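All remarks here apply to the structure that follows.
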Amino acid sequence: MSVLIYIDQAEGQIKKSSFEAASYGAKLAEQTGTTAEALVLGNVSDDLSALGKYGIKKVHHVADAQLDHLDAQLFIKVIAEAAAASQADIIVLSANVNGKAIAPGLSARLKSGLVAGAVALPDTSNGFVVKKGVFSGKAFANIRINSPIKIISLTPNAFTPVLGEGVAEVAPFTATIEAPKVKVTATNKVKGQIPLSEAELVISGGRGLKGPENWGMIEELAQLLGAATACSRAVADAHWRPHHEHVGQTGGSIAPNLYFAVGISGAIQHLAGVNRSKTIVVINKDPEAPFFKAADYGIVGDAFEVMPKIIEAVKKLKGK
Amino acid sequence: MKILVCISKTPDTTAKIAFADNNTKFAADGVQWIINPYDEWYALVRAIELKEKDPSTIIHLINVGGADADPIIRKALALGGDEAIRVNTDSTDSFTIASQIANVAREGGYELIFTGKETIDYNGSSIGGMVAELLDMPFVSLATKFELAGNMATITREIEGGEEVAEVNIPVVVSCQKGMAEQRIPNMKGIMGARTKPLKVVEPAAVEALTSIERFELPPAKAGVKLVSPDNPEELVRLLHEEAKLF
Ligand SMILES: Cc1cc2nc3c(=O)[nH]c(=O)nc-3n(C[C@H](O)[C@H](O)[C@H](O)COP(=O)(O)OP(=O)(O)OC[C@H]3O[C@@H](n4cnc5c(N)ncnc54)[C@H](O)[C@@H]3O)c2cc1C
């Protein structure tokens with residue numbers, strides 16, 4: 001028996017969300033008295049034995065260039081083969097963009113129950129019950145998996161990796177690889193920015209900022225703190241900011257350590273995507289703005305007066 | 001060409017989230033139901049746009065649910081689509097729902113199957129991927145653009161910090177999100193027409209659920225906001241640094 005963790009990579013580098021999945025899977029192996037093994041697909045430049053620090057004992061690596069880009073159908077077959085070879089009874093992956101493409105098909109292929117978007121380690125005291133977010137962050141559900149093999153996709157930034165000393169054994173894994181049917185022809189990444197889904201700190205702006213020309217202060221604060229930027233739907237709909245920054249019930253759903261909202265009213269649909277953030281800060285000139293009810297810290301004030309002072313104070317703190 | 005669009009019924013985005021029967025069921029009393037926004041705004045509207053470009057296209061809608069889903073199915077038909085199929089069973093297990101959809105799709109010979117990127121109630125993001133695997137079709141998730149030329153689909157999908165463009169031959173299953181299309185409001189002609197469009201009810205196949213909901217819980221209430229004077233925003237930075245230790 002083992003816990004098999006699928007490690008997702010892009011351009012040869014392991015994603016942060018996959019380190020979280022590795023550590024979660026290792027903890028789960030400890031909890032169930034088995035070992036944690038990882039599966040890496042495609043060519044990687046990272047040192048795979050370093051996954052041992054996250055508690056992984058063995059890394060199976062399929063270094064085939066056809067697996068550098070995602071074709072869900074193909075990845076599912078390879079993961080299923082590796083799961084059979086390592087006699088995995090639990091499979092863990094991140095519920096990141098690729099995890100969302102792979103986990104459901106893997107569940108259907110193996111006829112094994114999936115909890116998509118877990119936020120905590122399973123309760124294994126009586127069966128196998130996993131907690132996940134439902135109703136767009138407004139509630140949680142504890143889901144029982146009834147099949148012999150269990151599949152869990154872990155919400156990014158919901159589990160803090162525990163680092164140790166280990167070194168993982170890395171072994172090539174030979175899988176049947178068919179030609180991918182989905183062919184990636186282009187990848188466009190916004191350079192030099194932290195992806196919103198992986199960010200620990202997020203600075204976000206709403207319609208209260210009046211227009212796209214006023215985003216300088218959001219971007220400056222984000223840059224100073226190493227934070228990602230986000231916005232409300234109203235802002236994305238007005239094309240002040242790109243769609244991928246839109247968070248909320250019908251946009252991205254995030255759970256950073258800090259969500260810093262400037263000039264956002266905090267409509268229920270907006271809160272749905274951000275209310276799992278560990279600390280929420282709200283800057284709004286309206287004391288009645290609903291966002292204050294969901295906030296940990298706040299300033300009732302004009303963003304145009306408050307933000308420059310905040311930026312100055314952060315600069316001083318960072319010695320800039 | 002035949003397109004199948006998967007339609008889910010979800011509580012309105014402003015619905016109060018509460019639970020009944022010892023926290024084992026969603027308290028549905030007084031709740032307004034809507035078409036899951038991702039299914040309606042992106043999957044369905046993009047399918048309608050493809051039909052507008054090629055009028056020979058046939059669009060079928062599918063819902064897995066009880067008779068209480070009929071009003072939202074009619075609303076979807078008012079936006080567009082030629083007929084709807086409802087598989088008459090209630091389930092919260094994604095695999096059960098996906099299996100019912102796959103059974104219908106297998107008979108229907110669809111070249112495109114569209115779903116929303118997730119439902120706003122169970123947030124599983126699972127149905128599309130499961131249906132694709134059950135039908136042995138390729139799956140492209142979180143699509144923000146979809147173009148079709150002959151048999152070749154060019155699909156843009158979200159990745160961390162950007163997007164990826166991929167090509168795939170149809171048939172394909174696609175989960176849709178913002179960017180695919182713009183929300184539409186049904187017009188009078190659509191609403192009148194929807195009344196006479198076929199809504200077929202089929203009985204479910206026997207499928208064993210792989211998961212079950214044990215219990216719901218609400219997040220713990222927030223302790224309350226700590227307000228800092230607008231005259232002293234530096235204090236906020238100090239608190240975030242020293243108390244919350246965020247940076
Ligand atoms: C089905 C559905 C789904 C939706 N999904 C989403 C979603 O996913 N995400 C989302 O964000 N919204 C969503 N919405 C929209 C949501 O209801 C709100 O309309 C939207 O979030 C409002 O954006 P906002 O807070 O930026 O703008 P507004 O509501 O206009 O609020 C602006 C805020 O800025 C404050 N302000 C103004 N000037 C200043 C100043 N100088 N300094 C400081 N504060 C100032 C105001 O007091 C106000 O609170 C959805 C709506 C529906 C119906």
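Listing for the model above:
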| quantity | calculated |
| --- | --- |
| Residues satisfying the stated conditions in the range A:120-133, i.e. free of Cβ contacts under 8 Å to residues at least 60 places away in the same chain and either within 17 Å of the chain's Cα centre (by Cα) or not in a strand (DSSP E or B) (or both) | A:Ala120, A:Ser125, A:Asn126, A:Gly127, A:Phe128, A:Lys131, A:Lys132 |
| Residue tally, condition more than 7 Å from chain B (Cβ to nearest Cβ) and at pLDDT 95 or above, over the range A:127-141 | 5 |
| In the range A:85-129, the residues that are surrounded by fewer than 21 Cβ atoms within 10 Å (Cβ to Cβ) and in contact with a Pro (Cβ under 7 Å, 6 or more places away or on another chain) | A:Asp89, A:Val129 |
| Residues that are in a strand (DSSP E or B) and either in contact (Cβ under 8 Å) with a residue 60 or more places away in the chain or aromatic (Phe, Trp, Tyr) (or both), drawn from the range A:24-46 | A:Ala38, A:Leu39 |
| Single match in A:Ser277, A:Ser253 (criterion: more than 10 Å from every other protein chain (Cβ to nearest Cβ) and buried (at least 19 other Cβ atoms within 10 Å of the Cβ)) | A:Ser277 |
| A:Ala255 vs. criteria under 17 Å from the mean Cα position of the chain (by Cα), among the hydrophobic types (A, V, I, L, M, F, W, C) and assigned to a strand (DSSP E or B) | no |
| Subset of the range A:282-304 [at the interface with chain B (Cβ under 7 Å from one of its Cβ atoms) and either among the aliphatic types (A, V, I, L, M) or part of a helix (DSSP H, G or I) (or both)] | A:Phe292, A:Ala294, A:Ala295, A:Ile299, A:Val300 |
| Per-region count, the range A:240-252, residues within 10 Å of the ligand (Cβ to nearest atom) and either in a loop (DSSP other than H, G, I, E, B) or of a type in the set (Val, Ile, Thr) (or both) | 6 |
| Strands (runs of 3 or more DSSP E) enclosed by the range A:139-239 - at least 2 residues per element that are without any contact (Cβ under 8 Å) to a residue 12 or more places away in the chain and more than 22 Å from the chain's Cα centre (by Cα) | A:183-189 |
| Where A:Leu258 falls short, out of the listed (1) surrounded by fewer than 21 Cβ atoms within 10 Å (Cβ to Cβ); (2) away from the ligand (no atom under 14 Å from the Cβ); (3) at the interface with another protein chain (Cβ under 7 Å from one of its Cβ atoms); (4) not small (Gly, Ala, Ser) | (1) |
| In the range B:58-69, residue nearest to B:Ala84 (Cα to Cα) [restricted to those that are surrounded by 18 or more Cβ atoms within 10 Å (Cβ to Cβ) and not aliphatic (A, V, I, L, M)] | B:His60 |
| Enumerated helices (runs of 4 or more DSSP H) restricted to the range B:60-138, each holding at least 1 residues that are within 13 Å of chain A (Cβ to nearest Cβ) and more than 13 Å from the chain's Cα centre (by Cα) | B:94-108, B:127-135 |
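The values are calculated or read from the model by the stated rules, or taken from the named source; none is laboratory data. Computed from a predicted model, the values in this text were never measured in an experiment. So basically every Cβ, Gly included, is an ideal-geometry build from the backbone, and we count neighbours across all protein chains shown.
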